[in-house]
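The values are calculated or read from the model by the stated rules, or taken from the named source; none is laboratory data. Predicted model only: the values in this text are computed from it and were never measured. FYI the Cβ positions are ideal-geometry reconstructions off the backbone, even for glycines, and counts take in every protein chain you see.
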Amino acid sequence: MSDYNISAIGHIQSPYKQKFAIPRQPRLVPQAKAKLIFSPDFNREEFVRGLDEFTHIWLLFRFHETADKGYSAMVRPPRLGGNERKGVFATRATFRPNAIGMSAVKLEGIEYKNGQLSLLLAGIDLLDGTPIIDIKPYLPYSDSMPDASAGFADTRPETEMTVEFSPQAIEFINAQTQYPELHDFISNVLKQDPRPAYKKQKEEMQSYGMTLYNFNIRWQVNDSHNLVTNIEKN
Ligand code: SAH
């Protein structure tokens, strides 16, 4: 087998500070905004000239956080409740040979500010710091296949989760005027039900935590109801 050298063309600045609670695919949470910061070798407007004509782009990236953890031939997709196994190439698992991921995301703008070129993105499923190895425009005439079928992942995952915020959480959110979508962002992340499959079967109330931006968010899950109990700066 040949080896290739691939180096990042940039990296992602994302509100998702740890893997837990990141949605399993892009565009499930439209309020998830990020910036793609170009590396010095690609920090020139020429590299993206014309890209502003596209509403969506493909990102190819490295699952850098888990890349050194290896892979196996078969994985348990969360979709199947964590009980059934499929071949790694039949899934979008992060633990895969070469650890390359791809996401189609919304391109909201191109910014050149203080000498730094960046792309403004929405609907991302990427961890903060993710290295980007390529960018391509999304081509609806070819990339969109409305008649395609997708077996065990055929429909958008829908959960019946409801989300409620404590008075402290609401007050905290209202004070964060720099993030006007914070309430809907948190709410949509929790509606995706980020809990691992084996936890979902447990009956008793459980408590969880995640960090979005620089906020530590705590919530409790009781059946299909989420209660955001507390938010504070970390
Ligand atoms: N859309 C991509 C990613 C699917 S897996 C693809 O199909 O290739 C999505 C999961 O990847 C998220 O839930 C998150 O937990 C994980 N993830 C995101 N960025 C990552 C990174 N840089 N390293 C490791 N895992 C990451």
For the list (1) in contact with a Ser or Thr (Cβ under 6 Å, 6 or more places away or on another chain); (2) surrounded by 14 or more Cβ atoms within 10 Å (Cβ to Cβ), I need the number of the one condition that residue 217 fails. (1)
Please report, ordered by residue number, the helices (runs of 4 or more DSSP H) entirely within the stretch 166-234 with at least 2 residues that are within 19 Å of residue 34 (Cβ to Cβ). 182-191
Of all residues in the stretch 44-77, how many are more than 16 Å from the ligand (Cβ to nearest atom), in contact with a strand residue (DSSP E or B) (Cβ under 7 Å, 6 or more places away or on another chain) and either among the β-branched types (Val, Ile, Thr) or free of Cβ contacts under 8 Å to residues at least 24 places away in the same chain (or both)? 4
Among the residues of the stretch 38-74, which ones are within 20 Å of the chain's Cα centre (by Cα), surrounded by 18 or more Cβ atoms within 10 Å (Cβ to Cβ) and among the β-branched types (Val, Ile, Thr)? 57
Being touching a Gly at 6+ places or on another chain (Cβ under 6 Å), more than 30 Å from residue 72 (Cβ to Cβ) and within 14 Å of the ligand (Cβ to nearest atom), is that true of even one residue in the stretch 119-131? no
Test: residue 87 is on the phi > 0 side of the Ramachandran plot and away from the ligand (no atom under 12 Å from the Cβ): no
The stretch 1-32 - residue that is of a type in the set (D, E, K, R) and either within 15 Å of the ligand (Cβ to nearest atom) or at positive phi (or both) and, of those, surrounded by the fewest Cβ atoms within 10 Å (Cβ to Cβ): 19
Go through the stretch 99-118 residue by residue and tally those that are away from the ligand (no atom under 14 Å from the Cβ) and surrounded by fewer than 19 Cβ atoms within 10 Å (Cβ to Cβ). 9
Report yes if some residue within the stretch 27-42 is within 26 Å of residue 211 (Cα to Cα), out of contact with any Pro (no Cβ under 9 Å at 6 or more places or on another chain) and at pLDDT below 95; otherwise report no. yes
Show the residue pairs meeting these rules: Cβ distance below 6 Å; 6+ apart or different chains; first residue within the stretch 10-38 and touching a residue at least 60 places away in the same chain (Cβ under 8 Å); second residue basic (Lys, Arg) and more than 11 Å from the ligand (Cβ to nearest atom). 13/35
